[in-house]
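Participant: Pasting a structure below so you can have a look.
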Amino acid sequence: MLRPDGSQILDVSHFPVLSLKPRLLIPLDVLLLLGSKSMANIQFDDRLKNLKGLFPETPDTIILKADVLREGISFSPEMAEAGSWSLPGAAFLSREAIPDRESYGADARVPNQMILEDDTRINTELEQISPYVIRGNRESGYSLCRNDMPITPIKFTERPVFDHELSDGSPVARALGQRAEHCAAIVHTVFCEYGRDSMECTYCFLGNVQTPRILETGQHLKGTSHNRTIEACAAAAKLFRLDHVVVSGGAFVDTDLEVKSYVKTISALRKAVGPDTRITAVCQAFDEAGWRALKEAGASRVQPNLEVWDEELWSRVIPGKEKAIGKTRWMEGLKQAVDVFGVGEVASSFVGGIELCDPRIAYTEDKAVDSARAAYDSLLEKQIVPMFGMLTKARGTRYEHVDLPPTEYYLRLGWERTSMMIQAAMFDQYSGGVDSDFSCYKCVSHKICQDYPRLMELNNNS
Ligand code: SF4
């Protein structure tokens, strides 16, 4: 579509009409200009150039990030060296173990995330057949390579050194779950009752692996790990400031009990970290009384994830949530959360790609995108922030051996979501930078959603 002066206009009229704001026409050259704020030096090969050709308005680093998240990254001695001094990743989030671990030692670690020149963060998920690998060293610098050709310089976050241990003598870092310089993620419990009842969500490590392991070993969940985590957060808040802490964990069939568990963790956490840290609860959908209890305990934001949109998929993908709560109550809980926490403080995420990889579902790509658009439209109409993550081949889940959807599919979802967030003026709820979106781009390095508003400067309040 052209303007009278011959320049192009991005016509978003094909997106579902939202009731919040009138339809916007966004000048494409403005979006391209905004997109060019990404200052990363990236050498695209033919495959990445092809992706760029399909998504010309998408910042280069998002294209690269989506492809790396989809392909994973191959372990290398250089990665082992970087892992010896940088923030380590959570092993359970990785698809594979470190190969030849004996040769690297029991303490070998995978760095939590790679940092590109424009500060975009990419989660490191091991996949030995990936074309991506890290080369270089701490002195001369590191590169991310594709098929052994350098693509872009990268760096890592240094591991903080605590000058004391926790009161039980264990290391602070082990209990902390640090995700980035000023971000941590903790759990209220690692036990999921849906995993116990064989009603776990199909994609979830906690429900498919962690909970059965606890049941098998007869391990009891004592309060000690909770106390350790809170003590570690207090130590971290003193040493390097904690801007964000995400609290997630297993689900309870009785949501009132889950509220109590979150309240216990969040109120202790709030006391430990002080008033300025943003605490986000990733939990099930509660009723208004439940949300008020979380807010009084000190939660700032909530994220009850719908995971899949089409109601007929609930029993196949999230059977426990379907049986205990169901989609109608879940949506009601989301709306009540907005009443309690406010617009911009409530989001719901989807597992992007599950409709394409689960043989019992087998949507076409177009049908899956249509479903995502219907979900984003419905949530935005209720002033709830939609998000999506990329399905991973997490070990022990039903998708460990699937072929993931193509990178193009995730870039389609990313552009659809961004366009609809603009149209609903939802990015204007956020101030920019780390706070360009509901999630911080530093801690949520396994999603691409939150990189668009930051790199394209889409927050009108910035
Ligand atoms: S309810 Fe949560 S913790 Fe339990 S299986 Fe589902 S995603 Fe995992």
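Participant: Provide the gained length on full extension for the span N137 to S198, in nm with one decimal, where the gain is 0.36 nm per separating residue minus the Cα-Cα distance. Display every interim value, and only then the final one.
Facilitator: Values: separation 61, 0.36 × 61 = 21.96 nm, distance 4.57 nm.
Using 0.36 nm per residue and subtracting the Cα-Cα distance, I get 17.4 nm.
Participant: Separate question: Calculate, in whole percent, how much of the Cα-Cα pair population of region 116-231 lies beyond 21 Å. Could the numbers behind the result be given before it?
Facilitator: Values: 3976 of 6670 pairs.
Roughly 60 percent, rounded to a whole number.
Participant: Right, another one. Can you show me the helix-derived [θ] at 222 nm for the chain, built from DSSP H runs with n ≥ 4 at -39,500 (n - 2.57) apiece and divided by the number of residues, rounded to the nearest 500.
Facilitator: Working: 18 runs with 172 residues, N = 462.
Value at 222 nm, helices only: -11000 deg cm²/dmol.
Participant: Using every pair of alpha-carbon atoms in region 64-154, split the distances into 5 Å bins beginning at 0 and state the percent of pairs per bin, rounded to integers.
Facilitator: 3, 15, 27, 31, 18, 6, 1, 0
Participant: Can you work out the base-10 log of I(q)/I(0) for the chain at q = 0.06, 0.08 1/Å, using the Debye formula on its C-alpha atoms alone?
Facilitator: -0.25, -0.45
Participant: Additional query: So, by mean Cβ neighbours within 10 angstrom, what's the order for 402-409, 176-183 with the highest one leading? Before the final figure, lay out each step's value.
Facilitator: Working: 402-409: 17.8, 176-183: 21.4.
Ranked from most to least packed, the peptides come out as 176-183, 402-409.
Participant: What is the log10 of I(q)/I(0) for region 161-297, computed with the Debye formula using one identical point scatterer on each Cα and no solvent, at q = 0.15, 0.17, 0.21 Å⁻¹?
Facilitator: The Debye formula, applied to the Cα set alone, gives -0.76, -0.96, -1.29.
Participant: Sort 301-307, 159-165, 424-430 by packing, meaning the average of other beta carbons within 10 Å per residue, with the highest value first. Walk me through the intermediate numbers first.
Facilitator: Details: 301-307: 23.1, 159-165: 12.3, 424-430: 21.6.
Order by mean packing, descending: 301-307, 424-430, 159-165.
Participant: Using the structure shown, select from K260/K335; K238/K327; K323/K393; K323/K442 the pairs with a Cα to Cα distance greater than 30 angstrom. Provide the component values of the computation, followed by the final result.
Facilitator: On the way: K260/K335 21 Å; K238/K327 41 Å; K323/K393 26 Å; K323/K442 35 Å.
Those over the limit are K238/K327; K323/K442.
Participant: May I ask you to list the trypsin sites (Lys or Arg not before Pro) in region 201-289 that are in a DSSP loop and have at most 15 other Cβ atoms within 10 Å of their Cβ? Let's see the in-between values first.
Facilitator: Details: sites: R213, K222, R228, K238, R241, K260, K264, R270, K271, R278; in loops: K222, R241.
Sparse-neighbourhood loop trypsin sites (Lys or Arg not before Pro): K222, R241.
Participant: Can you order the peptides 384-394, 78-88 by their average number of other Cβ atoms within 10 Å per residue, highest first?
Facilitator: On the way: 384-394: 23.5, 78-88: 20.0.
Highest to lowest by the protection proxy: 384-394, 78-88.
Participant: Loop-only check: which trypsin sites (Lys or Arg not before Pro) in region 44-124 are DSSP coil with at most 12 other Cβ within 10 angstrom? Can you show the working numbers first?
Facilitator: Working: sites: R47, K49, K52, K65, R70, R95, R101, R109, R121; in loops: R95, R109.
Counting only loop positions with at most 12 other Cβ atoms within 10 Å, none of the trypsin sites (Lys or Arg not before Pro) in region 44-124 qualifies.
Participant: Can you give the FRET efficiency for R101 and A425, using 1/(1 + (r/R0)^6), R0 = 60 Å, r = Cβ-Cβ distance, to the nearest 0.05?
Facilitator: On the way: r = 50 Å, r/R0 = 0.83.
Computed FRET efficiency for R101 and A425 comes out at 0.75.
Bear in mind that the values in this text are calculations on the coordinates, not laboratory data. All values reported here derive from a predicted model rather than from experimental measurement. Every residue, glycine among them, receives a Cβ derived from its backbone with ideal geometry; neighbour counts consider all protein chains shown.
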